[in-house]
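Colleague: One structure, as structure tokens, below. Some questions next.
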Amino acid sequence: MHTVAPVSDTRLRAWAVLARAALTPTTAARVVVATRAVAPDIEDAADRIGALAAEPGSRASIAELADRDLDRADRAGAWLLTPDDPAWTGLGFDDLDSRDSRSLDAPVAVWVRGTVEAVSVLTRVGIVGARAVSPRGAAITGQIAGELVERGVHIVSGGAYGVDVIAHRAALDRGVATTLVSAAGIDRPYPTAHLEVFDAVAQTGAVIAEYPPRDGVEPSRLLARNRLVAAMSRQVMIPEAGVRSGTLSTARWARRLHRPVLAVPADFGAAARGCDLLIGEGHARPVHSLTEVLTALGETAEPEPRHPLTD
């Protein structure tokens with residue numbers, strides 16, 4: 001388990017205040033500017049922003065909610081990973097911020113159940129795809145994920161139904177750690193049917209979320225999670241995806257971050273048509289074997305997609 005600074009540590013508390021403020025629409029922009037521009041003065045920024053009301057008409061301040069977040073996290077066995085931690089850089093989050101500052105999409109901090117020290121130095125592959133996965137897609141996912149982990153590759157996914165949970169279980173069944181990026185509060189598995197998977201992942205790997213304990217899931221958070229999966233991954237592998245799948249959002253983020261996107265061509269059925277769409281528009285490379293997946297690990301994606309992707 002990661003050793004964290006005590007809750008009384010002023011800098012950790014400052015990050016918790018800013019992490020909570022980043023979820024508040026009225027203060028989110030100010031938080032991003034503060035955390036990117038003047039990291040040594042985080043405490044001052046937190047003092048100013050933390051004194052603000054959590055929302056219009058609220059009696060609770062942002063700082064009070066942050067204190068509650070830290071207390072709940074401690075009771076849930078979770079901790080706050082911040083840019084101060086040496087493991088932060090290795091996880092790829094900073095790549096989400098553009099060099100010209102026109103796009104600042106890196107998280108302010110993330111909540112963690114488990115440990116990330118080892119994860120930050122491992123070769124990581126994101127495996128995402130259809131929730132209503134076909135038997136063919138399930139078999140391909142299990143085979144690829146299983147063979148990758150046996151070769152020392154770390155799997156990152158989102159814990160959802162279908163491809164995501166199959167990829168996680170392929171690692172867990174082999175006694176290998178995996179990373180799960182959640183779209184809900186760090187102590188609220190979503191979907192709830194995957195409670196045992198979330199707990200098993202936290203025991204050997206890490207469950208990561210931008211959202212503090214007890215926060216619920218929202219549609220926008222399902223898409224926001226995709227950028228973290230893409231950032232953490234050396235490449236993104238899509239065994240099967242529909243044309244309206246949120247997986248296409250993950251592919252877009254991967255391309256923006258110059259991570260190769262690989263997709264298995266469809267055989268039949270709507271569940272896999274998204275893979276053909278990505279391949280046809282030049283956003284993903286078709287792969288037919290594990291060898292092709294491994295070969296792509298040492299490569300970088302073309303920086304400019306030929307056609308815009310849709311979420």
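The values are calculated or read from the model by the stated rules, or taken from the named source; none is laboratory data. Every value quoted in this text rests on a predicted model; they were computed, and no experiment measured them. Reconstructed Cβ throughout: ideal geometry from the backbone, glycine too, with neighbour counts over all protein chains shown.
Colleague: Quick one: is THR192 polar (S, T, N, Q), surrounded by fewer than 24 Cβ atoms within 10 Å (Cβ to Cβ) and at pLDDT below 95?
Modeller: On the way: polar (S, T, N, Q): yes; surrounded by fewer than 24 Cβ atoms within 10 Å (Cβ to Cβ): yes; at pLDDT below 95: no.
In short, no.
Colleague: Give me the pairs, please: first residue somewhere in the stretch 276-290 and in contact (Cβ under 8 Å) with a residue 12 or more places away in the chain, second residue anywhere and among the β-branched types (Val, Ile, Thr) and part of a loop (DSSP other than H, G, I, E, B), beta-carbon distance under 6 Å, and either six or more positions apart or on two chains.
Modeller: LEU277/VAL243
Colleague: Right, something else. THR89: crowded, with 22+ Cβ neighbours inside 10 Å, among the β-branched types (Val, Ile, Thr) and not in a loop (DSSP other than H, G, I, E, B), yes or no?
Modeller: So THR89 fails the test.
Colleague: Right, something else. Please specify each residue of the stretch 252-263 satisfying the condition of being over 13 Å from the mean Cα position of the chain (by Cα) and outside any loop (DSSP other than H, G, I, E, B).
Modeller: The answer is ARG252, ARG255, ARG256, VAL261, LEU262, ALA263.
Colleague: Moving on to the next point. Restricting to the stretch 274-311, name every residue that is surrounded by 17 or more Cβ atoms within 10 Å (Cβ to Cβ) and at pLDDT below 75.
Modeller: Correct list: ALA301, PRO305, LEU309.
Colleague: Taking into account only those residues within the stretch 215-245 that are part of a loop (DSSP other than H, G, I, E, B) and in contact with a helix residue (DSSP H, G or I) (Cβ under 6 Å, 6 or more places away or on another chain), which is nearest to THR295 (Cα to Cα)?
Modeller: Top of the filtered list is PRO239.
Colleague: Do we have PRO40 as at pLDDT 80 or above, farther than 19 Å from ILE186 by Cβ and either of a type outside the set (Asp, Glu) or outside any helix (DSSP H, G or I) (or both) here?
Modeller: So PRO40 fails the test.
Colleague: Modelled with pLDDT of 95 or more, in the same structural domain as ARG256 (by TED's automatic domain parsing) and more than 13 Å from the chain's Cα centre (by Cα), is that true of ILE166? Spell out the reasoning first.
Modeller: Working: modelled with pLDDT of 95 or more: yes; in the same structural domain as ARG256 (by TED's automatic domain parsing): yes; more than 13 Å from the chain's Cα centre (by Cα): yes.
Spelling it out, ILE166 is indeed modelled with pLDDT of 95 or more, in the same structural domain as ARG256 (by TED's automatic domain parsing) and more than 13 Å from the chain's Cα centre (by Cα).
Colleague: Is it the case that some residue within the stretch 53-64 is modelled with pLDDT under 90, surrounded by fewer than 23 Cβ atoms within 10 Å (Cβ to Cβ) and either in contact with a helix residue (DSSP H, G or I) (Cβ under 6 Å, 6 or more places away or on another chain) or assigned by TED's automatic domain parsing to the domain that holds SER120 (or both)?
Modeller: Looking for residues that are modelled with pLDDT under 90, surrounded by fewer than 23 Cβ atoms within 10 Å (Cβ to Cβ) and either in contact with a helix residue (DSSP H, G or I) (Cβ under 6 Å, 6 or more places away or on another chain) or assigned by TED's automatic domain parsing to the domain that holds SER120 (or both), one finds at least one in the stretch 53-64, hence yes.
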